[in-house]
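Since the structure comes first, as structure tokens, the remarks are kept for the end.
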Amino acid sequence: MAQWVYIEDLKNHIGNEVELRGWLYNKRSSGKVKFLIIRDGTGFVQGVMVKGSVPSELFEQYKDLTLESSIILSGTVREEKRAPQGVELDIKDFNILQKSVDYPIPKVREDNIPDVGVLLPKRHLWIRSKKQWALLRIRDTIEKSIEDFYHERKFVRIDAPILTPSACEGSTTLFKTDYFGEPAYLSQSGQLYVEAACMSLGKVYCFGPTFRAEKSKTRRHLMEFWMVEPEIAFYELDDIMALSEEFVEYLVKRVLDERKEELLILGRDISKLEKIKRPFARITYDEAVEILKSKGLDFEWGDDFGGDEETVISESFDTPVIVHRYPAKIKPFYMKKDPKNPEVVLNMDMLAPEGYGEIIGGSQREEDYDVLLKRMQEENLSLDDYKWYLELRKYGSVPHSGFGLGIERTIVWISGIRHVREAIPFPRLLDKIYP
RNA sequence: UCCCCGGUAGCUCAACCGGUAGAGCACCUGACUGUUAAUCAGGGGGUUGGGGGUUCGAAACCCUCCCGGGGAGCCA
């Protein structure tokens, strides 16, 4: 009886008879030679059946092999230069576990890719297709790399709560739930909690889902997305700018090292990723405004950047670009004002190149009790809700800084795709929560 | 909430000035011993998103509703 192996390991079994367990991805016939493309989660491989080399009943079962039927097959692994993966399987036998009838997603064909309106309601099946498979594997590598990056640097992971009593940042809309008769909200950021945690553990990060009930309907927005938020005691703005550069460079390198095949499946221009090396460009908000004006955009100092502005700024550089020291009035209360110019705050945004836009937002936090209290009063925030947050400034307050990186936007950029909805297994979009 | 684009076969799209519905893929039948989006031959498949209007005649023009996509605001 043949040994069950995974497709990604086939190159170690050349000449052996093995068993594959998977699904039929595609098939082709040339009369007396039949080709079956099999996928098993770890990869894709072509199986070959020649008339006369297998029992004729089996050969004729080709017609029962419909797209996405589950199948167990056995055969001999053969090195094959014509095959994209370098190996093929000479089929000896196969057994259809369950025949798939009328699979709703058409066979892969570049001139016939269904509209997302068709694909999204079939997301549970769409993720079987090759590009989605590649994207989910890249996502997994990025998530693993995040863990590795921070643990290699002695950070402690802190899981921030998802159910929270009030807003973390104030401005955006929250999903409201019922907490034993009291209102509770789904977290839109773990930041306030990692600020508390870094006073216990020094270098911390949280990594989990966040929720924004904004009526956003663009390729950059999800209602539920994942964010990693490092926060470090005694770090100032320059320290987190350096950390964010090291972090993003690391993520890109790991994907290049471990998921090149997947990037090629997605048609990514890898040379663009190979340019992602420190130092990244760093400019002030003021300098960014100058770039916009020199490119002929109508832009007033004091406004926030929209999608168009981000695109123009990021396209001016080959690396990601950090824009720092934004006008205080467009930024949240917890950001520390620049002692050299109180009109601006000690914050940083990182824009991915090629027009992909913002992937990181961060800042040095206000650590002075009185200054923070005044800022909160100006914003009309509930001091009861934030009493614990203010207490962090009463008992051994220190300078501290952190940032948040959006996982899906990072995947979109590194993978070179268009829309965040393909960067998460089951996207939650405006008015769309199925499947 | 606002702005823009779209809805024709299972999927992707075409149909000129308003003249009565067409192709590729998929599916079914057949051919083919090396296909990589296989190819070739044949076949079935439509209340043109719903309703109303203009017209001798509407997929096309007008009104309205529904659905989908993109963007603004907000942000990662």
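List of remarks:
- The stretch A:296-318, subset under 14 Å from A:Ala352 (Cβ atoms) and open to solvent by 70 Å² or more (accessible area, probe 1.4 Å), residue nearest to RNA strand B (Cβ to nearest atom): A:Glu315
- Residues that are farther than 24 Å from A:Arg325 by Cα, touching a Leu at 6+ places or on another chain (Cβ under 8 Å) and within 16 Å of RNA strand B (Cβ to nearest atom) within the stretch A:365-415 comprise A:Glu408, A:Ile411, A:Ile414, A:Ser415, listed in sequence order.
- As a summary of the residue check, A:Ile291 satisfies the conditions (1) open to solvent by less than 60 Å² (accessible area, probe 1.4 Å); (2) in contact with an Asp or Glu (Cβ under 8 Å, 6 or more places away or on another chain) except for the one numbered (2).
- Number of the exception - A:Pro104 against (1) closer than 25 Å to A:Lys34 by Cα; (2) within 23 Å of the chain's Cα centre (by Cα): (2)
- The set of residues in the stretch A:325-356 being open to solvent by 20 Å² or more (accessible area, probe 1.4 Å) and away from RNA strand B (no atom under 13 Å from the Cβ) consists of A:Arg325, A:Lys336, A:Lys337, A:Pro339, A:Lys340, A:Asn341, A:Pro342, A:Glu343, A:Glu354.
- Filter pass, A:Glu229 being within 12 Å of RNA strand B (Cβ to nearest atom), under 30 Å from A:Asp338 (Cβ atoms) and in a strand (DSSP E or B): yes
- If the condition is being in a strand (DSSP E or B) and either free of Cβ contacts under 8 Å to residues at least 12 places away in the same chain or closer than 15 Å to A:Tyr6 by Cβ (or both), then the stretch A:67-81 contributes A:Ile71, A:Ile72, A:Leu73, A:Ser74, A:Gly75, A:Val77.
- Count - residues of the stretch A:45-61 that are within 12 Å of RNA strand B (Cβ to nearest atom) and part of a helix (DSSP H, G or I): 2
- Residue in the stretch A:242-251 that is in contact with a helix residue (DSSP H, G or I) (Cβ under 9 Å, 6 or more places away or on another chain), assigned by TED's automatic domain parsing to the domain that holds A:Ser397 and either open to solvent by 20 Å² or more (accessible area, probe 1.4 Å) or more than 16 Å from RNA strand B (Cβ to nearest atom) (or both) present: yes
- Considering the stretch A:176-219, the qualifying strands (runs of 3 or more DSSP E), each wholly inside and each with 2 or more residues that are within 13 Å of RNA strand B (Cβ to nearest atom) and at pLDDT 90 or above, run over A:203-211.
- Top-ranked residue of the stretch A:72-131 - restricted to ones that are within 9 Å of RNA strand B (Cβ to nearest atom) and of a type in the set (Gly, Ala, Ser), ranked as surrounded by the fewest Cβ atoms within 10 Å (Cβ to Cβ): A:Gly117
- Hits in the stretch A:1-22 - residues which are outside any loop (DSSP other than H, G, I, E, B) and surrounded by 13 or more Cβ atoms within 10 Å (Cβ to Cβ): A:Ile7, A:Glu8, A:Leu10, A:His13, A:Glu17, A:Val18, A:Glu19, A:Leu20, A:Arg21, A:Gly22
- Hits in the stretch A:42-66 - residues which are in contact (Cβ under 8 Å) with a residue 40 or more places away in the chain and small (Gly, Ala, Ser): A:Gly43, A:Gly47
- In the stretch A:102-123, the residues that are in a loop (DSSP other than H, G, I, E, B) and more than 30 Å from A:Glu17 (Cα to Cα): A:Asp102, A:Tyr103, A:Pro104, A:Ile105, A:Pro106, A:Arg109, A:Glu110, A:Asp111, A:Asn112, A:Ile113, A:Pro114, A:Asp115
The values are calculated or read from the model by the stated rules, or taken from the named source; none is laboratory data. What you see is a predicted model, and the numbers here were worked out from it, not measured in a lab. Cβ coordinates were reconstructed from backbone atoms using ideal geometry, including for glycine residues, and neighbour counts include every protein chain displayed. Ligands, DNA and RNA are excluded from the accessible area calculation, which covers all protein heavy atoms including side chains. Shrake-Rupley method; radii C 1.70, N 1.55, O 1.52, S 1.80 Å.
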